[in-house]
Amino acid sequence: MPSFCVGYAIALENNKTAYIKSKLGEGGQGSVYLVELEGRDYALKWYHRTINNGDKFYRNLASNIDTGSPSPTFVWPKYLSRVIDGEYGYVMDLVPKNYKCFSDFLLTKEKFSSITVVVTAALNITNAFRELHRKGFSYQDLNDGNFFIDPQTGDVLICDTDNVAPYGESLGIAGKARYMAPEVVRSIKAPDVMSDRFSLAVILFRLLFLDHPLEGRRTLCPCMTEELEHKFYGKYPLFIYDPYDDTNIPVRGVHCNVTRLWGLYPQFVRDMFIKAFSQPCLKGETARPTDNEWQIVFTKLRDCVVKCPCGGETFLDLDLDESKCVCCGMRIPRPPVLLTKKYRVPLFPGKKLFRCHTDADSDDFTEVTGSVMRSQNRPGVWGLKNISGESWRLRLRDGSETELPDGKVIVVVKTQEIDFGTCTGRVEITVPKPEDN
């Protein structure tokens, strides 16, 4: 492999030239350099000559560049180099410094600023892979080193997209240990969309619980040999919270993160992971949760996050009359809840409605269409503001009907039903139970 000095010119296939500025790092496939191209800085990934299926890999890169990125979340190859002495590379955007490697969060070198940020990151990851799979691609090498996350916002960038290939194509890359689907570990199947779903579930579990879903009491051993690795992650994988087999439960004092965090999340989130790592899913006997199913789960989870008067964030259990703050233990009564076809949104001050809540034909979880605010003069009165750009039709609790134009506010407890145009929502009010004498 050539050692590029500062100023070395790399000829690109588009007849442009990138100039080496410095070396950023080195990995199993090759090295990454900081380069200058037409006055801007980029990253250049240069492959070792020993890369598997080199010619096929090159053609796949060229095809992906021509097709374009399925989502802005992916740090997609931009320009392919010409082949130099049997080697080549590609140019991509640099990851901004405010994005931190996901593995640093797992090692507690970095921390998320809030629960909302964690949930936002999960939404961004699931949406990116939904778009990837919709465009006919599979990732094939999904692991913690692929993700960079802004700890203040939950914005995500996904790197190493050179391993992405169309359905049915295999680049000879099985993946990284502990993230490969059991059937890939056992060499029964090559990586595909179904194995992506397993790897994605592992990533999401680690994002929320900071531990591994298959690593509990059974996997504690003095030395993780290849034989044991094949057993625990391939032949006999077992979820640490399998409801039918507790032989691999987390060990207190060892798996500290998951034992602390598992019970804090709402039951519907835990149920989704129990399904994703059930024996039928691990064995490939039933379909694994899709990207779209995960996106709905995390949209619901974001809806449940509220800010407690103590200043911390907590989850509301909408099946109960009240919830306890995970930070201070304060009891929070169940607020009015907007019930739609897919979602239950607590109308709590600071909560937002998104396009997916108010438009039956949309799954957009980013565009805000409404917000709940506290009255400045009467703090006990909460209002719902329409910021959808459209007028809503309301049925009030006194039986009357009215319009709520864009930019206007209605008192939450006065509202019984909202016609958003493509769907309706019902506002459910919980009547406080009388206290025991």
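Modelled label positions at residue 97 and residue 220, each set 7 Å beyond Cα in the direction of Cβ, lie 4.2 nm from each other.
Counting only protein heavy atoms and a 1.4 Å probe, tell me what percentage of the chain's accessible area is made up of carbon and sulfur. Carbon-and-sulfur percentage of accessible area, whole number: 49. The angle between the Cα long axis of helix 267-276 and the longest principal axis of the Cα atoms of the chain comes to about 30 degrees, rounded to the nearest 10. When both segment 241-307 and segment 88-140 are represented by their alpha-carbon centers, they are found 20 Å apart. Highest mean first, the peptides 192-204, 28-40 sorted by other C-beta atoms within 10 Å per residue fall in the order 192-204, 28-40.
Computed from phi, the 3J(HN,Hα) profile of segment 250-256 under the Karplus parametrisation 6.51, -1.76, 1.60 (θ = phi - 60°) reads x, 9, 4, x, 10, 9, 5 Hz, with x in place of Gly and Pro.
List, in order, the whole-Hz ³J(HN,Hα) value for each residue of segment 36-43 obtained from phi through the Karplus relation with A = 6.51, B = -1.76, C = 1.60 and θ = phi - 60°; use x for Gly and Pro. So the Karplus estimates, Gly and Pro as x, are 10, 9, 6, x, 10, 8, 9, 10 Hz.
Of the listed pairs 16/100; 176/235; 351/385; 97/351; 23/97, which have alpha-carbon separations greater than 20 Å here?
Numbers: 16/100 31 Å; 176/235 16 Å; 351/385 11 Å; 97/351 30 Å; 23/97 16 Å.
Beyond 20 Å between Cα atoms: 16/100; 97/351.
List the relative contact order of segment 3-99 as a percent without decimals, with contacts defined as Cα pairs under 8 Å and 6+ residues apart. Provide the component values of the computation, followed by the final result.
Numbers: 160 pairs, mean separation 23.1, N = 97.
Relative contact order comes out at 24 percent.
Backbone phi angles across segment 331-343, fed through the Karplus curve with coefficients 6.51, -1.76 and 1.60 (θ = phi - 60°), yield HN-Hα couplings of 7, 10, x, 5, x, x, 10, 8, 9, 10, 4, 10, 10 Hz in residue order; Gly and Pro are listed as x.
Once backbone amide H atoms are built at 1.01 Å from N, residue 354 has 369 as its partners under 5 Å, excluding neighbours fewer than 5 places away on the same chain. Just check segment 329-406 against the gyration tensor rule for me: Cα atoms, a ≥ b ≥ c as the square roots of the eigenvalues, rounded for a/c under 1.5, and otherwise prolate or oblate depending on whether a/b exceeds b/c. Cα axes put segment 329-406 in the oblate bin. Within segment 184-205, which residues have the backbone N less than 18 Å from the label spot 7 Å out from residue 290 along Cα→beta-carbon, could you tell me? Backbone N within reach: 192-201.
Could you order the peptides 366-376, 292-302 from most to least packed, using the average number of other C-beta atoms within 10 Å per residue? Could the numbers behind the result be given before it?
Values: 366-376: 15.8, 292-302: 20.3.
Taking the mean over residues of other Cβ atoms within 10 Å, the ranking is 292-302, 366-376.
Expressed as a whole number of Å, what is the distance separating the alpha-carbon centroids of segment 346-365 and segment 215-234? Taking the Cα centre of segment 346-365 as reference, the centre of segment 215-234 is 43 Å away. All alpha carbon pair distances within segment 173-233 were sorted into 10 Å bins beginning at 0; the resulting P(r) in whole percents reads 22, 51, 27, 1. By the rule of a C-alpha distance below 20 Å, with chain neighbours fewer than 8 residues away ignored, the aspartates and glutamates paired with residue 307 are 317, 319, 321, 322. Most tightly packed first, judged by the mean number of other beta-carbon atoms within 10 Å of their residues, the peptides 179-188, 414-423 read 179-188, 414-423. Proximity of backbone amide H atoms, modeled 1.01 Å from N, is registered between residue 381 and 375 at under 5 Å, excluding neighbours fewer than 5 places apart on the same chain.
Summarising the label geometry, the points placed 7 Å from Cα in the beta-carbon direction at residue 330 and residue 55 lie 6.8 nm from one another.
Using a probe radius of 1.4 Å on heavy atoms only, what accessible surface per residue do you get for segment 324-389? Whole Å² is fine.
Values: 3290 Å² over 66 residues.
Accessible surface, normalised per residue, equals 50 Å².
The values are calculated or read from the model by the stated rules, or taken from the named source; none is laboratory data. Model, not experiment: these values are computed from the prediction. Here the Cβ is made from the backbone with ideal geometry for all residues, glycine too, and neighbour counts use every protein chain on show. Surface accessibility is based on the protein's heavy atoms, side chains included, excluding ligands, DNA and RNA. Shrake-Rupley method; radii C 1.70, N 1.55, O 1.52, S 1.80 Å.
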